[in-house]
Amino acid sequence: MSGTDRVRKAVIPAAGLGTRFLPATKSQPKEMLPVVDKPSIQYVVEEAVRAGLTDILVITGRGKRAIEDHFDRNFELEFYLEQKGKHDLLKEVQETSDLGNIHFIRQRDPLGLGHAVSAAREHVGDEPFAVLLGDDIMVDDSQLLISMLDLHQRYGRSVLALKEVGPDRISSYGCVEPEAVDGELVTVRSIVEKPQREEAPSNLAVMGRYVFTPEIFDALDRIKPGAGGELQLTDAIQLLLDSQTVYGRTFEHGRFDIGQKLDFLYANVELALDRPDLGPEFSAFLVDLMHRRGLI
Ligand code: UTP
């Protein structure tokens, strides 16, 4: 099969409990933790919009109200900023609520990523769609997502983002067994969630971005609790492989898992250094700090 409809819809699961980032996530969603001065989920929504996705569904859960408020209007704040003549800030605040057509639904219980994606079925309908994890940010001007959408357009099949990871880290991810590799394009033979290091079929881990054919929903209906007792998206992809080819698109740089403390810190440092208004002073601070600590 070749050639298919353009993907319009993005699903952003953001209902996880964020236990790896406690205590910060006790009473606030991890997706709202700021990277420099923007909540991480805003980077994810902006990435989707930049890639041409016009309909965005965020899967939230209990205690995640702040996400909805963030993308809504805040008239009181806007009025205050207007009165004070803070027009740049006003523009930024308004842009956040004008990002696109954003919808929200709740996953009642956080039973796993597979369960969260299946909650999108009614909204997505019989169309291909993208999934962007709400706690994974990509700093690449949407290049990875755009190329995955192009691959979907060309082959009409599902596409997973894949990154090589070290053997000691593979047990944290979904891991694919590649069938054929052609540059950055991989054909997936099988996929397994959180394999033991010695059982991992390769060093290629699935990373936070997917484009799916709608048949993934039938597969999601058939999965049982898997790794960690959760309904795993990975298990549904394995079922999808029985009837359809699934592709992978490898990439190397730009991804930060902000649900993980170290990656969150890396993201803040890198993005702050990139900022014209903060970068020069922050980099001088870092150099001074390294000297004081005897690191350089
Ligand atoms: P993670 O495993 O990274 O999120 O799930 P988590 O469960 O919040 O993390 P920890 O392990 O407790 O720290 C990957 C993505 O799937 C979403 C999460 O919000 C995250 O974007 N997710 C996970 C759901 O939406 N629902 C779930 O039931 C589980």
Exercise. L162 versus (1) under 26 Å from N268 (Cα atoms); (2) open to solvent by 30 Å² or more (accessible area, probe 1.4 Å); (3) not in a loop (DSSP other than H, G, I, E, B): which is the lone unmet condition?
Worked result: (2)
Problem set entry | Filter result for the condition that a residue is assigned to a strand (DSSP E or B), touching a residue at least 24 places away in the same chain (Cβ under 8 Å) and more than 16 Å from the ligand (Cβ to nearest atom), over R209, R249 | R249
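Here's the yes/no breakdown for (1) at pLDDT below 90; (2) within 16 Å of the ligand (Cβ to nearest atom):
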site: V45; (1), (2): no, yes
site: V49; (1), (2): no, no
site: L53; (1), (2): no, no
site: I56; (1), (2): no, yes
site: E95; (1), (2): yes, no
site: L111; (1), (2): no, yes
Exercise. Any chance the range 120-142 includes a residue that's charged (D, E, K, R), surrounded by fewer than 17 Cβ atoms within 10 Å (Cβ to Cβ), touching a Ser or Thr at 6+ places or on another chain (Cβ under 6 Å) and touching a residue at least 12 places away in the same chain (Cβ under 8 Å)?
Worked result: no
Exercise. If you take the residues in the range 69-97 that are of a type outside the set (S, T, N, Q) and closer than 20 Å to V44 by Cβ, which one is most open to solvent (accessible area, probe 1.4 Å)?
Worked result: E92
Seminar exercise, completed: The condition from (1) in contact with a Leu (Cβ under 9 Å, 6 or more places away or on another chain); (2) surrounded by fewer than 24 Cβ atoms within 10 Å (Cβ to Cβ); (3) in a strand (DSSP E or B) that T187 misses is numbered (1)
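Could you tell me which residue of the range 1-22 is nearest to M207 (Cα to Cα), considering only residues that are more than 12 Å from the ligand (Cβ to nearest atom) and at pLDDT 95 or above?
Of all residues in the range 1-22, those more than 12 Å from the ligand (Cβ to nearest atom) come to 1-10.
Next cut, at pLDDT 95 or above only: 7-10.
Numbers: V7: 20, R8: 21, K9: 19, A10: 16 Å.
Once the filter is applied, the top-ranked residue is A10.
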Problem set entry | Filter pass, R292 being free of Cβ contacts under 8 Å to residues at least 40 places away in the same chain, out of contact with any His (no Cβ under 8 Å at 6 or more places or on another chain) and surrounded by fewer than 20 Cβ atoms within 10 Å (Cβ to Cβ) | yes
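The values are calculated or read from the model by the stated rules, or taken from the named source; none is laboratory data. Here the structure is a predicted model, which is why all the values come from computation and not from measurement. Using ideal geometry, Cβ is built from the backbone for each residue, glycine included, and neighbour counts are taken over all protein chains shown. These accessible areas exclude ligands, DNA and RNA; they are computed on the full protein's heavy atoms, side chains included. Shrake-Rupley method; radii C 1.70, N 1.55, O 1.52, S 1.80 Å.
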